Structures are given as structure tokens and as C-alpha cells.
1. Six or more apart or on different chains, Cβ atoms under 9 Å: show the pairs whose first residue is in region 224-235 and farther than 14 Å from residue 257 by Cβ and whose second is open to solvent by less than 60 Å² (accessible area, probe 1.4 Å) and part of a helix (DSSP H, G or I).
2. Considering (1) at pLDDT 85 or above; (2) of a type in the set (Gly, Ala, Ser); (3) within 20 Å of residue 258 (Cα to Cα); (4) surrounded by 13 or more Cβ atoms within 10 Å (Cβ to Cβ), say which one residue 189 fails and leave the rest.
3. Those residues that are in contact with a helix residue (DSSP H, G or I) (Cβ under 6 Å, 6 or more places away or on another chain) and in contact (Cβ under 8 Å) with a residue 60 or more places away in the chain, I need them from region 253-273; list them, please.
4. Out of the helices (runs of 4 or more DSSP H) lying entirely within region 1-87, which hold 1 or more residues that are modelled with pLDDT of 80 or more?
5. Is it the case that some residue within region 197-209 is in a helix (DSSP H, G or I), among the hydroxyl-bearing types (Ser, Thr, Tyr) and modelled with pLDDT of 90 or more?
6. Filtering region 216-228 down to residues that are aliphatic (A, V, I, L, M) and assigned to a helix (DSSP H, G or I), which residue is surrounded by the fewest Cβ atoms within 10 Å (Cβ to Cβ)?
7. Pull up region 229-273, narrow it to residues that are charged (D, E, K, R) and within 23 Å of the chain's Cα centre (by Cα), then point me to the one that is most open to solvent (accessible area, probe 1.4 Å).
Amino acid sequence: MKKVEAPTLEEAYEKAATQLACSITDLEYEVVQYPSKGILGFLKKKAIIVATCKSSAKQEEAEVKVKIKKEDIAPLISEEESVASEIITTVKQEVLKEESESLDTLPVNSEKDAVLDSFFESKSDESEEEVEKENIVYDELALMIEDQLKELLSHSCFEIDVVEVDVRDDTALIFIDGDDAALLIGKEGYRYNALSYMLFNWLHTKYELFIKLEIAEFLTSQQEMIRNYIKPVIENVEKHGRGKTRSLDGILVQIALEQLREAFPNKYVAVKTGREGNKFVVINEFNNKNHA
């Protein structure tokens, strides 16, 4: 993480990108101080940002985890974590064992042509087996998370009778429904945002999973609402080359970001924070080398 000072925000972004050896679109940053021209040259303020590179963030997190001593985190390891670790370890051992057995049984004097003919077929079979084993691990993990989530919600005051969890591609797909689903969402989705934040911190810290939370089709309705809202924004960007959304709250800003990045894969699309803490999405050609 780098703290960067510059006369303008644009120069601060470029300076941070240079120091971190990445493009501006890969920056994750927070504006500490906005630039100010001052009065008659006095009280002039530079732009100050704290930035890090997205590609290095995960690596730094992994390095920090390696440095933590086992005896320091041992009291925090729960029975569920041990079970998940055993499942993954068992699958890896089975895969290594099968690879070793296949090498042992290969004839030493087999013809090169026969080996080449069977190469792609054997690779395909191994790939299918690995995918199948990975799905088994994900299914076990999904059942474990589902049981824990049901236990958590059973202690709440909400009537929730449907809790389903599926894990695919490092993402936990969570579906919750019941008589009190609307209450669990809350006014303007405040409880939904809080629950989503809590679940992400739990599952990402414990299992390194991202989440997609759906409560009685609330997420689907929000996605459809944002899709209709950004239509004029998309038209404006196509006409003028740039644009931005209004201030968005909670999950809405993330949905808008995903949909606009899908609509403009070759443009700079990012979430910005205003002076009062409001968040919005901007779309422009900033630092886009492909821009003529």
C-alpha cells in the first residue's frame, strides 16, 4: 500500500500506478485529501491518496497468512474448519495417488506413437475426474455452510423456512426465503446489506469464498431495477464517451458497477466516493491507451 501526494488527483493516480507497476484501472485507492488551490497561494493543499494494486492485494494477504504462527491461530480453528481441511487434503492425496499409479503401470518399452495417441485422451479423462472431485468438495462445503446458516437463523426472530447453499467457482450462492423474508431484507435493503456484509466476512475469511445472497428474489429485482436505470446512462456514454450514475447505496452500486463493466469492457469503469461519502459509478476513457 502506497501513500501518494500530487498537485491533482489525476497526477496522484498516475504516480501511484507508476510506483505500484500497474495500470490505473487496477488501482484500489482511497482519497485522503482532495486538492485545494487555497487563497492567494496560501493554504494550498495537495491531493493525497492511499493506493494498492488489485493483483498484489491477494498476494499480500496470502503472505500475511503465512507469517502467522500456527500456535497463535490454533485456538481459533473450529471443528468445521478441520473437517473442510480434511476433505480437501483427502481429495488431493487421491489425485496424487492415482497419478503415481498411472506412471508405475506405464510400460517402459512402450512405443512413442502409442504414448502420443493416448496423451490427449488421458488428459481429458484426468480433467473430468478432477472436476468431479472438485464438485464433491464444493458439495460437502455447501452442506456444511448450509447447516451453519440454518443454525444461525434459528436463533433469530425471523420466520425463515428455506435456506439453500450451493458453492461454485469460489462463490457461495445463498438462497433464503420464508414468511419474514421481507423483514430480513429491511427498509431499502438495509438488513440485506448488513447480512450480506456479515456473511462475506465469515465465508471469505474462513473458506476464501465470495458470496451471492438472494432473499426472496430481492437480488433479482434489484438487478432488473438497475438494468432499467442505467439504460439512459449507457446511451449517454455511447453518445458522449463518458458519464456517471447518481449516488447509489449498498448493493446497488456493486450491481451497477458489474453491469456497466459488462456494457463497456474497453472503458474505465469504477466506483467513486464523493465528499459526503456518497458512492457512484463513473465511465470514461481515463488512461485508456486504446482511446484515439
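The values are calculated or read from the model by the stated rules, or taken from the named source; none is laboratory data. None of the values given here were measured: they were computed from a predicted structure. Here the Cβ is made from the backbone with ideal geometry for all residues, glycine too, and neighbour counts use every protein chain on show. Accessible surface areas use protein heavy atoms only, side chains included; no ligands, DNA or RNA. Shrake-Rupley method; radii C 1.70, N 1.55, O 1.52, S 1.80 Å.
1. Taking only residues 6 or more apart or on different chains, the pairs are 225/252; 225/255.
2. All conditions pass for residue 189, except number (1).
3. Across region 253-273, the qualifying residue is only 268.
4. Correct list: 9-20.
5. Of region 197-209, the ones in a helix (DSSP H, G or I) are 197-207.
Those still in the list that are among the hydroxyl-bearing types (Ser, Thr, Tyr) too: 197, 205, 207.
From what's left, modelled with pLDDT of 90 or more: 205.
Yes.
6. 225
7. 262
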